[in-house]
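Laboratory data are not the source of any read-out in this text; all were calculated from the coordinates shown. If you're wondering where the values come from, they're calculated on a predicted model, not measured in any experiment. In this analysis, Cβ positions are derived from the backbone assuming ideal geometry, glycine residues included, and neighbour counts consider all displayed protein chains.
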Amino acid sequence: MVIQILKTELTEILSLRGLFLQENNIQIRYNAVHERGWSDSYVFVSGQNKIGYAAVMGNENRNDRDTVFEFYTLPSFRNASSVAFAELLQLSGATFIECQSNDLLLSSMLYQFGKNINSQVVLFEEAFTSNLIQEGVIFRQRAAEDQIFDHTGELAGDFVLELGKEIVATGGFLLHYNFPFADLYMEVNELYRQRGFGSYLVQETKKQCYLAGRVPAARCNMSNPASKATLLKAGFKIAGFMLFATIK
């Protein structure tokens with residue numbers, strides 16, 4: 001099979017990307033990279049047919065497009081994936097691959113074409129509905145007059161936990177991911193950590209996420225076991241890992 005790789009506009013790959021999103025049915029961490037103009041799009045053509053696409057973004061420097069982060073071929077042409085990927089690397093000049101381990105197609109390309117594979121981020125998906133209780137704690141929407149503690153890891157969220165008229169934690173969810181997924185985040189005041197407030201906040205924020213018509217998802221750094229434990233306790237499970245590799 002002869003496959004031609006063409007650099008193209010985002011609009012030319014949207015129908016193929018719709019199939020990619022439907023097939024995977026997972027939160028895509030770098031979903032917003034396309035619309036923000038941080039990536040180059042490529043289409044794979046065989047004869048007169050568009051059979052797949054890829055996207056390449058910057059790594060540390062967004063202007064230096066060197067990292068393949070999305071790759072898809074139609075199921076009926078999937079046996080040509082390795083050939084298409086090799087030609088993509090030659091045309092784009094990409095030197096890295098970054099992908100989610102729960103994106104099976106690109107993960108297979110990463111293991112075939114990559115080296116020095118590592119991961120620093122854990123991905124989470126909804127697993128069950130927890131029933132955590134925090135006596136005396138109020139979960140509510142953040143008010144303009146609330147006195148919020150200094151945050152070191154996350155922005156102050158749209159929801160707060162109030163204990164004795166003091167805000168002890170804030171959290172929320174981001175909507176720039178592929179529909180219907182949303183990304184939850186939270187931070188607990190350092191003085192109130194290891195008391196279950198984080199898991200309770202995540203549990204209640206998940207409810208708000210569903211009420212907004214979104215499916216909650218989350219992620220954390222592998223070097224943050226406390227955050228991982230918080231998410232697991234609140235009903236998430238590990239969905240995969242962000243994988244990063246250098247092209248061989």
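Okay, here's what the table says:
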read-out: Signed unit charges on C-beta, dipole axis of the stretch 126-240, positive-most listed residue Phe128, Gly172, Gly198; value: Phe128
read-out: Of Lys50/Lys206; Lys115/Lys206; Lys115/Lys233; Lys50/Lys237; Lys50/Lys228; Lys50/Lys115, those spanning more than 32 Å from alpha-carbon to alpha-carbon; value: Lys50/Lys206; Lys115/Lys206; Lys115/Lys233; Lys50/Lys237; Lys50/Lys228
read-out: Antiparallel DSSP beta bridges within the chain, percent to nearest 5; value: 90
read-out: Gaussian network model of the chain, Cα within-10 Å springs - most flexible of Thr152, Thr95, Thr205; value: Thr152
read-out: Within the chain: Cβ-based charge dipole about Cα centre, in debye rounded to nearest 20 (Lys, Arg +1; Asp, Glu -1); value: 580
read-out: Dipole of the chain, positive end: most advanced residue of Phe149, Ala182, Leu19 [Cβ charges, Cα centre]; value: Leu19
read-out: Estimated vicinal HN-Hα couplings, Hz - the stretch 217-230 in sequence order (Karplus 6.51, -1.76, 1.60; Gly, Pro = x); value: 9, 7, 7, 7, 6, 5, 8, 10, x, 5, 5, 4, 5, 4
read-out: Å³ per residue enclosed by the Cα convex hull of the chain; value: 135
read-out: Unit charges on C-beta of K, R, D, E only; dipole of the stretch 4-94, Debye; value: 160
read-out: Cα pair distances in the stretch 126-240, grouped into 10 Å bins until the bin that holds the longest one, percent each; value: 14, 50, 32, 4
read-out: Calculated from backbone phi, Karplus (6.51, -1.76, 1.60) coupling profile of the stretch 41-49 in Hz, x at Gly/Pro; value: 9, 10, 10, 9, 10, 10, x, 9, 10
read-out: GNM top mover of Leu191, Leu105, Leu16 - the chain, alpha-carbon springs below 10 Å; value: Leu191
read-out: Cα centroid separation, the stretch 1-74 to the stretch 133-204 (Å); value: 35
